[in-house]
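Have a look at the structure below, then the notes.
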Amino acid sequence: MIKAVIFDMDGTILDTITDITTASNNALEAMGLPHHFTRDEVKLCFGSGIHDDIAKIITLARGCQGQDLIDLCETIPASRYAVTEEEIQKCRAIFSDLYPRNHSNTSPYEGIPELLKKLREKGIKTAVASNKDEAPVKKLTEMYLKGLFDVVKGNKPDIHRKPAPDMINAILSDLSLTPEDAIYVGDTEVDIETARNSHLPCLSVTWGFRPETFLRARGGKNFVNHPLEILDFVEKE
């Protein structure tokens with residue numbers, strides 16, 4: 001029996017990409033780099049943790065696209081695009097200053113609030129595990145999904161970011177549950193790997209930052225096209 005559902009945040013429960021795109025383009029402009037990128041281009045850069053995400057938007061500005069952009073910092077070094085650690089840190093500081101100022105275009109995906117309420121009505125615990133820094137994770141869940149999560153965790157210095165299982169293990173410990181009690185829901189290849197490393201079933205959503213075809217190629221097996229399909233999966237387990 002499923003006792004908890006653990007969610008990724010960006011691209012899974014909250015549509016944050018418009019505000020991320022604006023902050024990314026403004027940060028690139030401040031760096032003197034090309035800065036007129038679309039939501040679809042920028043969303044391929046995010047999901048791996050802020051350091052790698054920022055490295056990716058700099059390489060995007062330098063012509064990195066498609067699969068290479070997704071694989072950057074995993075199998076392709078940022079140095080291939082002449083990105084230095086100094087540039088990453090400078091751009092990260094600018095982005096981290098700009099992004100928290102504007103969440104006007106962020107909102108829960110349609111059906112997410114209803115799903116969370118139904119899960120909690122059934123006594124199922126809910127949690128967030130995000131590679132976004134923990135302060136904005138807690139701020140955004142409080143702003144848009146207040147009172148709908150039992151545990152909220154984001155990136156911080158004392159815990160390894162996803163796809164390491166540390167964050168998921170910490171959530172399960174907080175809830176006094178085991179991996180057999182939970183499922184994990186996300187929208188990227190990082191989430192598929194996180195679930196695998198944490199020994200949890202993974203549900204991949206089709207409305208997020210990666211297309212279904214890409215996720216299937218990276219090992220995705222269970223897909224949902226609407227949030228309430230997650231409830232159906234939970235009730236069948």
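The values are calculated or read from the model by the stated rules, or taken from the named source; none is laboratory data. Bear in mind the structure is a predicted one, so any value in this text is a computation, not a measurement. As a convention, Cβ positions derive from the backbone with ideal geometry for all residues, glycine included, and neighbour counts pool all protein chains shown. Ligands, DNA and RNA are excluded from the accessible area calculation, which covers all protein heavy atoms including side chains. Shrake-Rupley method; radii C 1.70, N 1.55, O 1.52, S 1.80 Å.
Quick notes
- Applying 1/(1 + (r/R0)^6) with r as the Cβ-Cβ distance of H35 and F214 and R0 = 41 angstrom yields a FRET efficiency of 0.95.
- Placing R0 at 45 angstrom, the Cβ-Cβ distance between Q89 and N222 gives a FRET efficiency of 0.75 after rounding to 0.05.
- Normalised by the number of residues in the stretch 147-223, the mean separation of alpha-carbon contacts (under 8 Å, six or more apart) gives a relative contact order of 25 percent.
- Label-point gap, in nm, between S173 and N197 - each point 7 angstrom along Cα→Cβ: 1.6 nm
- Spin-label model distance (nm) - M143 vs N102, 7 Å beyond Cα toward Cβ: 1.2 nm
- Distance from the Cα centroid of the stretch 155-209 to that of the stretch 210-226 is 16 Å (rounded to whole angstrom).
- The accessible area of R196, taken with all protein chains in place and a 1.4 Å probe, comes to roughly 130 Å².
- Label-to-label distance, K117 versus F233, with points set 7 angstrom from Cα along the beta-carbon direction: 2.3 nm.
- Percent RCO, i.e. relative contact order, over the stretch 1-113, from Cα pairs under 8 Å lying at least 6 residues apart: 37 percent
- Residue pairs, from the table K156/K236; K122/K153; K132/K236; K90/K162; K118/K162; K117/K156, whose Cα atoms sit over 25 Å apart: K156/K236; K132/K236; K118/K162; K117/K156
- T178 contributes about 60 Å² of solvent-accessible surface, heavy atoms of the protein only, 1.4 Å probe.
- Averaging the sequence gap over all C-alpha pairs within less than 8 Å and six or more residues apart, then dividing by the number of residues, gives the chain a relative contact order of 26 percent.
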